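**Q** Quick one: the structure is below, questions incoming.
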C-alpha cells in the first residue's frame with residue numbers, strides 16, 4: 001500500500017477549490033485502503049496545517065481557510081461511525097485553544113470525541129488563561145484538553161495549573177499542539193498530567209488518568 005501522504009497536494013488543491021462532490025469522491029476512494037488514523041493524522045491534519053501556512057504567507061484567502069476547515073469537518077463527521085447516544089461514566093471534559101484562533105486541531109478532537117459518544121464542552125477561540133480558569137471551575141470540568149500554537153501561550157498553562165492546585169481543584173490537564181511537539185518535555189515543565197500528539201491518543205490517556213473504562 002502506498003503512503004497516504006502522496007495524496008496531500010491533490011487533497012489540498014481540492015479543498016482550496018471548495019468542490020464538495022470531488023472531495024467526497026476522492027475521500028471515498030481513500031477509505032477503501034487506509035485507516036481512519038492514517039487519513040486524519042497523515043492527510044487531513046497536515047493538509048490543513050499547510051493551508052493555514054498559505055494564508056499566513058498571503059497565498060490563500062481567509063474564506064478558503066474557513067471552507068477548508070468546514071469541508072474537513074464534514075468529511076470527518078461522515079467518516080466517523082454514528083452513535084445514537086452518549087457513553088455513560090465518562091468524566092466531564094473541556095476543550096480549549098488557549099489565546100489563539102487556529103481551530104483545526106480542536107475541530108478534529110471535538111469531532112472524534114463526539115463520534116465515539118463522548119460529550120465535550122468546547123470553549124471559545126482566543127480564550128485567555130484567566131477566562132479559562134473561571135469557566136472550567138464553573139463547569140466542574142474533570143479533564144481539560146488544551147491546545148496551543150505559540151510557545152508563549154503554552155507557557156501560560158503553568159500558571160493555570162498552579163492556580164487549579166492552589167484552589168484544590170482536581171482537574172487533570174492534557175496538552176497538545178506545536179510547542180509540545182517541538183519540545184517533548186514541555187508538558188512536564190508546565191505541570192500538565194499528559195501530552196497528546198493527536199486525537200486518537202486522547203481517549204486512552206483519559207482512561208489511564210481517571211482509571212476508568214467507558
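The values are calculated or read from the model by the stated rules, or taken from the named source; none is laboratory data. Note that the structure is a prediction, hence the values are computed from the model and not measured. Heads up, the Cβs are rebuilt from the backbone with ideal geometry, glycines too, and the neighbour counts pull from every protein chain shown.
**Q** Grab the helices (runs of 4 or more DSSP H) fully contained in the stretch 157-214, keeping just those with 3 or more residues being closer than 18 Å to residue 109 by Cα and assigned by TED's automatic domain parsing to the domain that holds residue 136.
**A** Where helices (runs of 4 or more DSSP H) fall fully within the stretch 157-214 and carry at least 3 residues being closer than 18 Å to residue 109 by Cα and assigned by TED's automatic domain parsing to the domain that holds residue 136, they are 178-182, 199-210.
**Q** Still on this structure, I have one more. Is it true that some residue in the stretch 144-153 is modelled with pLDDT of 95 or more and out of contact with any strand residue (DSSP E or B) (no Cβ under 8 Å at 6 or more places or on another chain)?
**A** No, every residue in the stretch 144-153 fails to be modelled with pLDDT of 95 or more and out of contact with any strand residue (DSSP E or B) (no Cβ under 8 Å at 6 or more places or on another chain).
**Q** Now, a different point. When you look at residue 41, is it within 15 Å of the chain's Cα centre (by Cα), in contact (Cβ under 8 Å) with a residue 12 or more places away in the chain and not assigned by TED's automatic domain parsing to the domain that holds residue 106, yes or no?
**A** When the stated conditions are applied, residue 41 passes them.
**Q** Modelled with pLDDT under 85, touching a helix residue (DSSP H, G or I) at 6+ places or on another chain (Cβ under 8 Å) and exposed (fewer than 15 other Cβ atoms within 10 Å of the Cβ) - does that describe any residue in the stretch 32-44?
**A** Yes: one or more hits.
**Q** When the residues of the stretch 130-149 are narrowed to those that are touching a helix residue (DSSP H, G or I) at 6+ places or on another chain (Cβ under 9 Å) and in a helix (DSSP H, G or I), which ends up farthest from residue 120 (Cα to Cα)?
**A** The qualifying residue farthest from residue 120 (Cα to Cα) is 130.
**Q** Determine whether residue 126 is within 15 Å of residue 97 (Cβ to Cβ) and in contact (Cβ under 8 Å) with a residue 60 or more places away in the chain.
**A** no
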